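Q: Just passing along the structure, written as structure tokens.
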Amino acid sequence: MSRWQALQAGQVPEPRSFGPLSVTDFVRYQGASGDMNPVHHDAGFAKAAGYPGPLAVGMFAAGVMNTFGTDWLGASHVRRTRIRWKAPAFADYVLTVSAAIDALREEDGERYADIALTVTDQDGAVSVQGWMTFVVPE
Amino acid sequence: MVDPESLGARGTPFPLDVERGKCFEFARAVRSEDPAHLCGAVSHPTFLSTTLHWEKRVEGANPWALVQMSEELGMHAEQEFVFHGPPPGAGDRLIAQARIDDIWEKRSRAGHRLIFVKMVTEFRDANGALRAEAILTGVERHPPEAP
């Protein structure tokens, strides 16, 4: 968890990679969330739907991205997260999360950090974009 | 095809009890080792995705079916969670209610007709205080019409 004095606009923490992803990762997420769509674990179903294999659950990749944010700025301090999907990920992909501080601002006596996050795959293609807002203690 | 008549539709309210074991299971699934997530002091920022487990227990809880978005042309484009204070934690007993909040259209640069639908789910505590909102945006993408 970072404090106000330690933050500045444009600040970039060390990116972190996750993977290679496995279908087990997708299944664990599906059980946790309740999204049991077979496109994420049944290879025959995924191929019939036009994919090369089981597709990562969009909210799994987004969840990992959010973990990067809360590890940096605090689990109890998050106030907003927005997720936009850009391209699918599959088993064996390695995803890398990077982030930067967009803005530091004060509103109604609270201090906030707005950050932008990006999840890229092993070829550099953007898989997920995100924006999070945290309250920041002094 | 999106039915504009679904705008304003409301789902039946349903309970969502935030449980410690579920907070732990969910945190592990999204690779969080933060003790606050693992013990359920606060849930992960995307934990309210677990409404999928709860809404199935109450008929009419999810009004999304009324939108009738095409399975072939539709997709989950964006998801947002807003917290009015720290995210819910283990022991919180929330009441959730979803509504079809907005439907709008625009045309992509490539000429696709894009129909967006926003569904907002509010999560309130026993006193009626708004604790969190989940905002889902779906898009139905129609190919450009032949000239």
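Q: Residues of B:33-43, mean number of Cβ from any other protein chain within 10 Å of their own Cβ, rounded to a whole number?
A: Partner Cβ neighbours, averaged per residue: 3.
Q: Hey, another quick one. For peptide A:80-86, compute the average count of partner chain beta-carbon atoms within 10 Å of each residue's beta-carbon. Mind dumping the intermediate values first?
A: Details: counts 7, 9, 7, 9, 5, 5, 0.
The shielding value for this peptide is 6.
Q: While we're on this one: For a protection proxy built on the mean count of beta-carbon atoms within 10 angstrom, sort A:22-30, A:116-124, A:103-111, A:76-84 highest first, please.
A: A:76-84, A:22-30, A:116-124, A:103-111
Q: Take the alpha-carbon centre of segment A:42-108, take the same for segment A:4-23, and report the distance between them in whole Å.
A: Centre-to-centre distance over Cα atoms comes out at 12 Å.
Q: Which value does Rg/Rh take for segment A:31-138 over its C-alpha atoms, Rh per Kirkwood?
A: A ratio of 1.07.
Q: Amide H to amide H under 5 Å from A:Arg111: which residues, 5+ apart in sequence or cross-chain, H placed 1.01 Å off N in plane?
A: A:Val136
Q: Pairs to check: A:Lys86/B:Lys118; A:Lys47/B:Lys22; A:Lys86/B:Lys106; B:Lys22/B:Lys56. Give those whose C-alpha atoms are more than 28 Å from each other in this structure. Please list the in-between numbers first.
A: Numbers: A:Lys86/B:Lys118 18 Å; A:Lys47/B:Lys22 32 Å; A:Lys86/B:Lys106 18 Å; B:Lys22/B:Lys56 17 Å.
Checking Cα-Cα distances, A:Lys47/B:Lys22 exceed 28 Å.
Q: Apply the Karplus curve 6.51 cos²θ - 1.76 cosθ + 1.60, θ = phi - 60°, to the phi angles in segment A:29-44 and return the couplings in whole Hz, x for Gly and Pro.
A: 5, 4, x, 5, 8, x, 8, 9, 3, x, 4, 8, 9, 9, 4, x
Q: Does anyone have the angle between helix B:20-29 and the longest principal axis of chain B? Alpha-carbon axes, 0 to 90°, nearest 10?
A: For B:20-29 against chain B, the angle is about 50 degrees.
Q: Tell me, what HN-Hα J-couplings in whole Hz come from the Karplus equation 6.51 cos²θ - 1.76 cosθ + 1.60 at θ = phi - 60° for each residue of segment A:47-58, using x for Gly and Pro?
A: Per residue, the Karplus-derived 3J(HN,Hα) values read 5, 5, 8, x, 9, x, x, x, 9, 4, 5, x Hz.
Q: Still on this structure: Please say if the protein assembly as shown is rounded, prolate or oblate, where rounded means a/c under 1.5 for a ≥ b ≥ c the square roots of the C-alpha gyration tensor eigenvalues, and otherwise the choice is prolate for a/b larger than b/c and oblate otherwise?
A: The shape class here is rounded.
Q: Here's a follow-up. For segment B:17-76, just the Cα set please: Rg and Dmax, both in angstrom.
A: 14.9, 41
Q: As a test of the definition: which semi-axes, in Å, follow for segment B:100-139 when you take the square root of five times each eigenvalue of its alpha carbon gyration tensor? Largest first, please.
A: Numbers: eigenvalues 204, 10, 5 Å².
Those come to 32, 7, 5 Å.
Q: Give me a single rounded figure for A:21-32: the average over its residues of other chain Cβ atoms within 10 Å of their Cβ.
A: Values: counts 0, 0, 0, 0, 3, 1, 1, 5, 6, 2, 4, 14.
Across A:21-32, the average partner-chain Cβ count within 10 Å equals 3.
Q: I need the peptides B:65-74, B:118-127 ranked by packing, meaning the mean over residues of other C-beta atoms within 10 angstrom, with the highest value on top.
A: Ranked by mean Cβ neighbours within 10 Å, highest first: B:118-127, B:65-74.
Here, each number is a calculation from the coordinates, and none is a lab measurement. Please read all numbers here as calculations on a predicted model, not as lab measurements. A quick note on method: Cβ atoms are made from the backbone with ideal geometry, for glycine too, and the neighbour counts reach across all protein chains shown.
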